[in-house]
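These notes concern the structure reproduced below.
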Amino acid sequence: MALATQRSAALLAERDLALSVQVLQEFYDQAKRASRPDAIGHQQAVLLIESFRRFPVQDITSGIMMAALDARQRFQLSYWDAAIIEASRALGCTHVLSEDLSDGQDYGGVQVTNPFR
């Protein structure tokens, strides 16, 4: 098993995780992407998303959207990255696991950790 796959499995075995609806949407889009050599089908992606819902899942509300618009400007992020930060904040999270955001960066009390470093 590849190191990234092992690390992903270990993270999903933890109990102290939370997700946003946006993260689940992005998972679905990426997992099914035809250009991926390991793409999965719709039904398998849906089953995985259903299993991920064992963790707390934050809906993207209008309040989170407005906070993300503010964070986008404040931290010079894409809207989508800012929405993940603000959904995390709404869940009470102090850390976000991300390969895309800058490892170690603090966004007003929400710190990013790249779990694959």
Unmet criterion (only one of (1) part of a loop (DSSP other than H, G, I, E, B); (2) closer than 18 Å to Gln22 by Cα; (3) over 15 Å from the mean Cα position of the chain (by Cα); (4) hydrophobic (A, V, I, L, M, F, W, C)) for Phe55: (3)
Please go through segment 98-117 and give me each residue that is surrounded by 14 or more Cβ atoms within 10 Å (Cβ to Cβ) and among the aromatic types (Phe, Trp, Tyr), ordered by number. Tyr107
Whichever residue in segment 16-50 is in a helix (DSSP H, G or I) and among the small types (Gly, Ala, Ser) and, among such residues, is farthest from the chain's Cα centre (by Cα): Ala45
Of the conditions (1) of a type in the set (A, V, I, L, M); (2) part of a strand (DSSP E or B); (3) more than 14 Å from Gln22 (Cβ to Cβ), the single one that Val96 does not satisfy is (3)
Quick check on Glu86: is it of a type outside the set (A, V, I, L, M, F, W, C) and at pLDDT below 95? no
With out of contact with any Asp or Glu (no Cβ under 9 Å at 6 or more places or on another chain), touching a residue at least 60 places away in the same chain (Cβ under 8 Å) and in a helix (DSSP H, G or I) as the only criterion, which of Ala83, Ala87 stands out? Ala83
Give the residues of segment 93-117 that are out of contact with any Ser or Thr (no Cβ under 6 Å at 6 or more places or on another chain) and touching a residue at least 60 places away in the same chain (Cβ under 8 Å), sorted by residue number. Cys93, Pro115, Phe116
Can you spot a residue in segment 58-77 that is part of a helix (DSSP H, G or I), within 20 Å of Leu11 (Cα to Cα) and hydroxyl-bearing (Ser, Thr, Tyr)? no
Residue check: is Ser102 at pLDDT below 95, touching a strand residue (DSSP E or B) at 6+ places or on another chain (Cβ under 9 Å) and not aliphatic (A, V, I, L, M)? yes
Kindly indicate which of Gln44, Gln25 is farther than 19 Å from Ala87 by Cβ, of a type outside the set (Asp, Glu) and at pLDDT 95 or above. Gln44
Would you mind telling me which numbered condition in (1) in contact with a helix residue (DSSP H, G or I) (Cβ under 9 Å, 6 or more places away or on another chain); (2) acidic (Asp, Glu); (3) farther than 18 Å from Glu26 by Cβ Asp106 fails? (1)
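The values are calculated or read from the model by the stated rules, or taken from the named source; none is laboratory data. What you see is a predicted model, and the numbers here were worked out from it, not measured in a lab. Here Cβ is always computed from backbone atoms with ideal geometry, including for glycine, and neighbour counts include all displayed protein chains.
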